[in-house]
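The values are calculated or read from the model by the stated rules, or taken from the named source; none is laboratory data. Keep in mind that this is a model prediction, so the values were computed, not measured. Every residue, glycine among them, receives a Cβ derived from its backbone with ideal geometry; neighbour counts consider all protein chains shown.
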Amino acid sequence: MDDKYIGVWAVFDEDYEEGLETAFARYKEAGIKHVMYAGIAHVFEVHDEYYSETCIDPRLQIDYEEKKGDIFGTKYFLINSDYDEIRALAQKYGLNIGFDITPGVSDPIVDKHPSTAVVDVEGRTSGHWMCPSNPDVRKYFCGRIEDILIHNNSISEVELDVVSMDFYDPQVVPDWVLPELYPLRQLAAGNCFCEHCVKKAERAGLNVSRIKQQIRAVYGEATTLTYEQFKNQADTMRGLFDIIRFVLKYPELMTWLRFRCDAVSDFVKEINVLVKNIAPNILLSSDLVSPSFSWAIGQWYGSQHGMTDLTKLMLYHKNIGLNEVKPLKSIKEAVPGINEEELMEQYYRLKGFTGPDTFDKFSGEGIDVENIFYEVKKAKLEAGSGHKIVAGLGGDPPASADDVKNAVEMAYRGGADGYMLHLWYHNAPKENIVAFGEHLRKLGEI
Ligand SMILES: [Zn+2]
């Protein structure tokens, strides 16, 4: 099966320091054909005419990535390298260096232009997340993509990293996250209520003031931080069918969740038209979180077909606990008498995940590898047979070589159309890359 998509999310500065050819040879040996470097969008030159209709200057992000860096570190060597040289060298190893961009998340841009941020039901703006309905945001990212593709006609893939809508990314949960009881916070998603989203929602026939009223009411319950209130939720939201009682009570909130997915899709569709107009053969891929909760940030697998060429499902099962434990910890600190086993049990029931029952183990070891099988299978069936699902698997610490092999195995059983190894969290053991290739070879996938 040589048509499977095999790729890696790699860290350029690590490869540079090791020696690019050594790193490239290892990728080749592992069957990898596609390399996405964190921050690759910032290596390209800026041509001002592409940004005349937006308040955002790309140099703001480029300077930030070079000097300070987001959670994936600084990109000093990358930004000071030449894309064509890297690409030509990679080609000798059969590697294609793709172009990844994150159309929505930027601390420096939101800091300088708060009007671009996602707005919650109380009118507070996110310090992290830009709204996909905001014209400045759309013109900026479309301008950046066009600028880069027009001036670099060798690019064969554009990857959209986590286009979505929320106050924070579930894979990168900030330390300030507020205590809000599950699943009310997720079901009554309190954003985005910026002027552009409100206009769009009203045009789509949504009763925004009633939706706001219901979200406020549910938020009142979600932020009543008593043990009794937690138990009322945990004891009555037991199984999948219990959620239907919530849906029957608040049908407008389901319309709202769907609207948020449509608002995100609308932006992706605009990018699709832009990219395919420049060159129809450029592959457009999009990174989504696991289907069991992707809807909470406006990502819906059911709408991906036809909008992009392939979807990369990001489930780094050894790392997920490190971030997802933060909101649980903040609930524990705020609710007297609650214990972490109760919180973990509820978390697993809602997400359908299995894993360890203490915060320490969840944070340090993540969830069971079998969850990859279920999430890939959900994604495959929901996206439909005409759409490709690439399983994005964690190769970062604490994942060991065996963890990587087990993850590949589960993704394979789930029906993945390809595999992508994630190394962006830095310092991944090189054995993990080797193990990735070894297991793919054993399965006949490369
Ligand atoms: Zn908005």
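Quick rundown of the values:
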{"read-out": "Complete set of residues in segment 82-120 that are modelled with pLDDT under 95 and of a type in the set (S, T, N, Q)", "value": "102, 106"}
{"read-out": "Filtered residues of segment 315-367 (kept if under 26 Å from residue 8 (Cα atoms) and in a helix (DSSP H, G or I))", "value": "320, 321, 322, 323, 324, 362, 363, 364, 365"}
{"read-out": "Close pairs from segment 117-140: first over 23 Å from residue 211 (Cβ atoms) and more than 10 Å from the ligand (Cβ to nearest atom), partner modelled with pLDDT of 95 or more and small (Gly, Ala, Ser), Cβ under 9 Å, at least 6 apart", "value": "127/117; 128/117; 136/115; 139/52"}
{"read-out": "Residue 275 within 30 Å of residue 339 (Cα to Cα) and surrounded by 14 or more Cβ atoms within 10 Å (Cβ to Cβ)", "value": "no"}
{"read-out": "Residue count, segment 34-88 (criterion: of a type in the set (Gly, Ala, Ser) and assigned to a loop (DSSP other than H, G, I, E, B))", "value": "5"}
{"read-out": "Residue within segment 89-103 that is closer than 28 Å to residue 261 by Cβ, within 16 Å of the ligand (Cβ to nearest atom) and surrounded by 15 or more Cβ atoms within 10 Å (Cβ to Cβ) present", "value": "yes"}
{"read-out": "Count of residues meeting criterion [surrounded by fewer than 23 Cβ atoms within 10 Å (Cβ to Cβ), outside any helix (DSSP H, G or I) and under 18 Å from the mean Cα position of the chain (by Cα)] in segment 368-390", "value": "1"}
{"read-out": "Those residues of segment 70-88 which are farther than 18 Å from residue 423 by Cα, among the hydrophobic types (A, V, I, L, M, F, W, C) and surrounded by 14 or more Cβ atoms within 10 Å (Cβ to Cβ), in sequence order", "value": "79, 86"}
{"read-out": "For residue 190: the one exception among (1) crowded, with 21+ Cβ neighbours inside 10 Å; (2) farther than 30 Å from residue 339 by Cα; (3) within 15 Å of the ligand (Cβ to nearest atom)", "value": "(2)"}
{"read-out": "Segment 121-171: number of residues that are among the charged types (D, E, K, R), touching a helix residue (DSSP H, G or I) at 6+ places or on another chain (Cβ under 9 Å), surrounded by fewer than 19 Cβ atoms within 10 Å (Cβ to Cβ) and modelled with pLDDT under 95", "value": "1"}
{"read-out": "Members of segment 194-216 found to be of a type outside the set (Val, Ile, Thr), in contact (Cβ under 8 Å) with a residue 12 or more places away in the chain and away from the ligand (no atom under 14 Å from the Cβ), listed by number", "value": "207, 210, 214, 216"}
{"read-out": "Residue 437 vs. criteria at positive phi and out of contact with any strand residue (DSSP E or B) (no Cβ under 7 Å at 6 or more places or on another chain)", "value": "no"}
{"read-out": "Any hit, segment 142-157, residues being within 13 Å of the ligand (Cβ to nearest atom), closer than 30 Å to residue 40 by Cβ and within 22 Å of the chain's Cα centre (by Cα)", "value": "no"}
